[in-house]
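Note sheet for the following structure.
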Amino acid sequence: MSQIPDSKHMTATLGTRILGSVAVAAVLLMTLLGLVVSPEDLVQGHAVRMLYLHVPSIWIAYAAFVLTAASSVLFLIRSRSRADGGRHHDRLAGSAAEVGVLFAGITLVTGMLWGRVTWGTYWQWDARLTTTVLLFVTYLGYLALRRLPADPIVRGRRSAVMALISFVNVPIVHFSVDWWRTLHQKASLSVGRRPEITGEMYWTLLYSTLTVTVVASWLIVHRYRVIRLEELRDEEALNALIASRLREDDVGN
Amino acid sequence: MDLSPRHELGEPDELRRKVHRNRRWAVLAVTALLIAAAAFVTAQGLRNATLFFRNVDEAVEQRLELGDRRFRLQGRVVPSSVRSESGVTTFQIIHGCVVASVRHVADPPELFTSPWIPVVLEGGWTSGQVRTVAGADTHYFLSDRMLVKHTNEYASANDQRISEEPPHDFLDDCPFDVPAAKS
Amino acid sequence: MSDIAAVATGWGLTFVVVATYALWVVGRGKTIGRELGIGKRQELGPGSDSSTPASS
């Protein structure tokens, strides 16, 4: 999946270059569909075009946090039994969380702008908005924890536990609009429920969700590889230090 | 092989440790800030989030208990009742076949003009004789903040026109008639 | 803020943020790769776990 061909394309491979090209083309088409082809909403007018960014962004944030949680569980299970400490799972958790935070942030910003023109306010402390900002902040905390200097396996375990604690909030965010009274509307896309969206808008929303998924996948693969490179750099620095000490010992003897 | 720290290396080693310490403190400070932010958000959220608004029928039922307290009121705007005069908008909102008269003293959001739009108003009950589509009332709701609560229904503006009709089933079983909006 | 201004700001900000992040990730990969002196073929991705730097 992931050979690095040369230093010019450090984290790119044939696979990611194809994925990247597909992502760019898909984004162009998404822009065309979302901003030009899809119609204005009967009530909201052009403001409905925020739907095609806002809903896919939170969808991909949820998916990324699910990936982080699953990888964290696998890391906790395998870190004791594997020679490499199961660090593959730790890297996957970290890269997915970072992309998840990025899209959770986009969800908040697009939601605030959308709220300004429809609700008449950028922000309200209702259950959906409050739990979403809490989700964003806790995963920022997770990313901060990953940067604390410590033994990689110890740091990985601490982060994995934090990831699982943070994940508790994901279903709360999603179901908050059903559990409590909120200014925020109920879910626009739900499994097993007839969508209340006109055809062209519905298909544009589905297509945008697919496009954002492709973009996020590309980002996660690249971020994973950068984390691996960071580890290699740290190992290289350690090897160099040990080699220099060995040389000093040789000279001393 | 001696892997003990080399103090004789002096400054660069000392500097590295200092940078390492500073970085640890910086990350700890950021983490503490994030935890404080999370606590603030939770406190704010719990205070406001769970009972974000009362529906008209509940607010009317709890009128005595609510007194002149400030709260959020939710209902759909009766299109035929909207009047605007010198910065004051008066209208009626309805939920669960209970109607409240509203006197709103600020600019309403743009989407307020959509018929039967659900709104959330901030304000309180005020004494005063009013007439609504459901009959006479002894109180009206004095509001200074309005939020439009749009639904998750989307329809193309190309092939539909805004309906003046109330949402399906919304007025069924109500013991009064709501006059149609003037078009 | 008009609906068109909100949409333009939302879409514009999203593009800028995602593109900046993508460029940062790719740039960071290149920088660290150069530091490591990677120029030869090397396994790095999920499923492979070589811990030997390419040109150490």
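Where q = 0.15, 0.19 Å⁻¹, what log10 of I(q)/I(0) comes from the Debye formula for the range B:95-141, counting one point per Cα?
Summing over Cα pairs of the range B:95-141 leads to -0.45, -0.72.
Please give the helix A:169-179 orientation as an angle from the longest Cα principal axis of chain A, in degrees from 0 to 90, rounded to the nearest 10.
Helix A:169-179 sits at roughly 10 degrees to that axis.
For a test of the definition: using alpha carbon positions, the gyration tensor, and the 1.5 limit on a/c, classify the range B:54-148 as rounded, prolate or oblate.
On the way: a/c = 1.40, a/b = 1.32, b/c = 1.06.
The shape class here is rounded.
Report the trypsin sites (Lys or Arg not before Pro) located in the range A:153-214 that are in a DSSP loop and have at most 12 other Cβ atoms inside 10 Å of their Cβ, or state none.
Qualifying residues, ordered by number: A:ARG193.
Considering the dipole of the protein assembly as shown built from charges on the beta carbon (Lys and Arg +1, Asp and Glu -1) around the Cα centre, which of A:LEU35, A:ALA69, A:TRP180 is farthest to its positive end?
A:ALA69
Can you give the charge dipole size of chain A about its Cα centre, rounded to the nearest 20 debye, using +1 on the beta carbon of Lys and Arg and -1 on the beta carbon of Asp and Glu?
Around 380 debye, computed over chain A.
Springs between alpha-carbon atoms under 10 Å, Gaussian network over chain A: tell me which of A:ALA83, A:ALA187, A:ALA160 tops the mean-square fluctuations.
A:ALA83
Mean-square fluctuation check for chain A, GNM, Cα pairs under 10 Å: which of A:TYR202, A:TYR52, A:TYR139 is largest?
Comparing A:TYR202, A:TYR52, A:TYR139 in the GNM, the peak value goes to A:TYR202.
Charges at C-beta only: +1 for Lys and Arg, -1 for Asp and Glu. How large is the resulting dipole of the protein assembly as shown about its Cα centre, in Debye rounded to 20?
Roughly 1400 debye for the protein assembly as shown.
Apply the Karplus curve 6.51 cos²θ - 1.76 cosθ + 1.60, θ = phi - 60°, to the phi angles in the range B:150-156 and return the couplings in whole Hz, x for Gly and Pro.
6, 8, 9, 9, 10, 9, 5
Would you kindly derive the ³J(HN,Hα) couplings of the range B:56-71 from the backbone phi angles with the Karplus curve 6.51 cos²θ - 1.76 cosθ + 1.60 (θ = phi - 60°), listing them in order in whole Hz, with x for Gly and Pro?
Result, rounded to whole Hz: 4, 4, 5, 5, 6, 5, 9, 4, 4, 4, 6, x, 9, 5, 7, 7.
Please find, in a Gaussian network model of chain A (springs between Cα atoms separated by less than 10 Å), the residue of A:ILE197, A:ILE60, A:ILE153 whose mean-square fluctuation is greatest.
So, out of A:ILE197, A:ILE60, A:ILE153, the one fluctuating most is A:ILE197.
Over all directions, average the projected area of the Cα convex hull of the protein assembly as shown and note it in nm².
It is 29.1 nm².
Quick check: the angle from helix A:87-118's long axis to the longest principal axis of chain A, C-alpha only, nearest 10 degrees?
30 degrees
Can you give the extra length, in nm with one decimal, that the chain gains between A:VAL36 and A:ILE18 once fully stretched, where that is 0.36 nm per residue apart less the Cα-Cα distance? It would help to have the intermediate numbers written out before the result.
Values: separation 18, 0.36 × 18 = 6.48 nm, distance 2.66 nm.
Residue separation times 0.36 nm, minus the Cα-Cα distance, leaves 3.8 nm.
Relative to the first principal axis of the alpha-carbon coordinates of chain A, what is the inclination of helix A:199-252, with its axis defined by its Cα atoms, in degrees from 0 to 90 and to the nearest 10?
Tilt of helix A:199-252: around 10 degrees.
Since every read-out is calculated from the coordinates, none of them should be taken as a lab result. Predicted model only: the values in this text are computed from it and were never measured. All Cβ positions, even for glycine, are placed from backbone atoms using ideal geometry, and neighbour counts span all protein chains on display.
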